[in-house]
1. What about E102, is it within 12 Å of the ligand (Cβ to nearest atom) and open to solvent by 10 Å² or more (accessible area, probe 1.4 Å)?
2. Name every residue in the stretch 141-150 that is in a loop (DSSP other than H, G, I, E, B) and within 11 Å of the ligand (Cβ to nearest atom), in order of residue number.
3. In the stretch 325-338, what residues are more than 23 Å from A372 (Cα to Cα) and buried (at least 21 other Cβ atoms within 10 Å of the Cβ)?
4. List the residue pairs whose Cβ atoms are under 9 Å apart, where the first residue sits in the stretch 18-35 and is open to solvent by 90 Å² or more (accessible area, probe 1.4 Å), the second is of a type in the set (A, V, I, L, M, F, W, C) and modelled with pLDDT of 95 or more, and the two are 6 or more positions apart or on different chains.
5. Would you pick out the residues in the stretch 79-95 that are among the basic types (K, R) and outside any strand (DSSP E or B)?
6. Only one residue in D175, D180, D156 is more than 16 Å from the ligand (Cβ to nearest atom) and without any contact (Cβ under 8 Å) to a residue 40 or more places away in the chain. Which one?
7. Out of the residues in the stretch 120-139 that are within 21 Å of the chain's Cα centre (by Cα) and β-branched (V, I, T), state the one that is nearest to the ligand (Cβ to nearest atom).
8. Out of all the residues in the stretch 225-268, which are part of a loop (DSSP other than H, G, I, E, B), open to solvent by less than 30 Å² (accessible area, probe 1.4 Å) and of a type in the set (V, I, T)?
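The values are calculated or read from the model by the stated rules, or taken from the named source; none is laboratory data. All values reported here derive from a predicted model rather than from experimental measurement. In this analysis, Cβ positions are derived from the backbone assuming ideal geometry, glycine residues included, and neighbour counts consider all displayed protein chains. Heavy atoms of the whole protein, side chains included, go into the accessibility calculation; ligands, DNA and RNA do not. Shrake-Rupley method; radii C 1.70, N 1.55, O 1.52, S 1.80 Å.
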Amino acid sequence: MEDELLLMLPGPVPLPERVRGVMARQAINHRGAEFGSAYADIARVLKGLFGTKNNPLVISGSGTAGMEAAVSNLGKGRRTAHLINGKFGERMYTIGQKYASEACPIKSEWGAPLDLEKLKSVLEDGCEVVTMVHNETSAGILNPAGEVGKICRKHDALFIMDGVTSIGGDMVLADEWGVDAAVVGSQKCLAAPAGLAAVTVSDRAWDRIVENPPYYLDLPAYRKNAAKDPMETPFTPAVPLFLALREACLIIEEEGIDNRIARHRRMAGAVQKAVKAWGLDMFPKTDSLHQYSNTVTAACLPAGTNDKDFRGTVKKLGIQIAGGQDHLKDKIFRIGHMGAVSAPELLAALAATEFAVKKSGHQVKESGVMTAAEDLG
Ligand SMILES: Cc1ncc(COP(=O)(O)O)c(C=O)c1O
């Protein structure tokens, strides 16, 4: 049964029972006190996770809706630049092409460091808006948001950051870093069901919001409705998902943001050690500014196997991990370690993966599970 699989994907992630429970109830009015208080709880917790004083605006739509909201409201008719080192950087560029007067891609290989020198020259040339994916999920690399924010400020450009798989699992300081719009998706580090995105917008970006935003993704309308008491959305929202996201946010608040980030960091470190113990290579190329992701680990597939066989072996043991996307299919595998999971789920995923590594014929140097257990215990 699909729902018995342990999802160790970079989203969707397993849902805590409390989160599942709140969705099975009678409908409520979305223009009333109960909905407003759920939205207020979400906003309070997300502000801490985004590292911002600005109200998170919650959109009924997946993470991509949040990306499109940010790019269309800040970049329509303007010159945009898009830092790319993976699939989601490319998606930002594709969205930019639909709205910008001119969209400039700044391409690196997937999983390689971003080209910040090229960014500087594009900004000197008059580009007004920059997009960057903080945690590039397709390649398992964490990009330097603080550094990019500084460069954008120096050139007075607006900075849009996709935090879809970092916010809630790694440290994000949107205001301090000079992020003008940040985006998160519900089914990733927040451990809520898929279907909601939240976007925050800085004061300087509100001052420069485009005159004619899209109809459904009109961020000023979201802002106006969120300022009401009780809080509202402009259109009928996905109410059961809001209730589930509220519960997920309360769980995060109970755990504490610092503890949550530390738990993700412990899991990421343990998986990196396991990959090393197996004698496999990590996929991303890090440097002093770019690091391995805290929420998803991408490693090279052992020679002599393919994605279908490798992940099929893991799946037969009841666990689903991710493969490479697009041209990285059959080249890498990815283990998600985000949301509410901790040592028990991670050790099971590592044991199943180690079995698949051995089954591929690869000579394992030592047990990655045991190495990870030492770190997690
Ligand atoms: C970094 C990043 N950005 C954006 C998205 C798109 O989110 P969604 O699939 O919720 O639309 C994803 C999804 O995996 C992602 O990992």
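1. On the way: within 12 Å of the ligand (Cβ to nearest atom): no; open to solvent by 10 Å² or more (accessible area, probe 1.4 Å): yes.
Taking the combined requirement at face value, the residue does not satisfy it.
2. At the first step, the residues of the stretch 141-150 found to be in a loop (DSSP other than H, G, I, E, B) are 143-144.
N143, the sole residue that qualifies.
3. First, pick out the residues of the stretch 325-338 that are more than 23 Å from A372 (Cα to Cα): 325-331.
Matches in the stretch 325-338: L328 only.
4. Final answer for the pair search is R18/A248; R18/L250; R18/I251; R20/A244; R25/L243; N29/F35; N29/V239.
5. In the first step, residues of the stretch 79-95 are kept if they are among the basic types (K, R); the result is 79, 87, 91.
If the condition is that a residue be among the basic types (K, R) and outside any strand (DSSP E or B), then K87, R91 are the ones that fit.
6. On the way: D175 fails: without any contact (Cβ under 8 Å) to a residue 40 or more places away in the chain; D180 fails: without any contact (Cβ under 8 Å) to a residue 40 or more places away in the chain.
Step by step, each of D175, D180, D156 is checked, and only D156 is more than 16 Å from the ligand (Cβ to nearest atom) and without any contact (Cβ under 8 Å) to a residue 40 or more places away in the chain.
7. At the first step, the residues of the stretch 120-139 found to be within 21 Å of the chain's Cα centre (by Cα) are 129-139.
Now narrow it down to the ones that are β-branched (V, I, T): 129-131, 133, 137.
Working: V129: 17, V130: 16, T131: 11, V133: 5, T137: 3 Å.
The residue in question is T137.
8. T233
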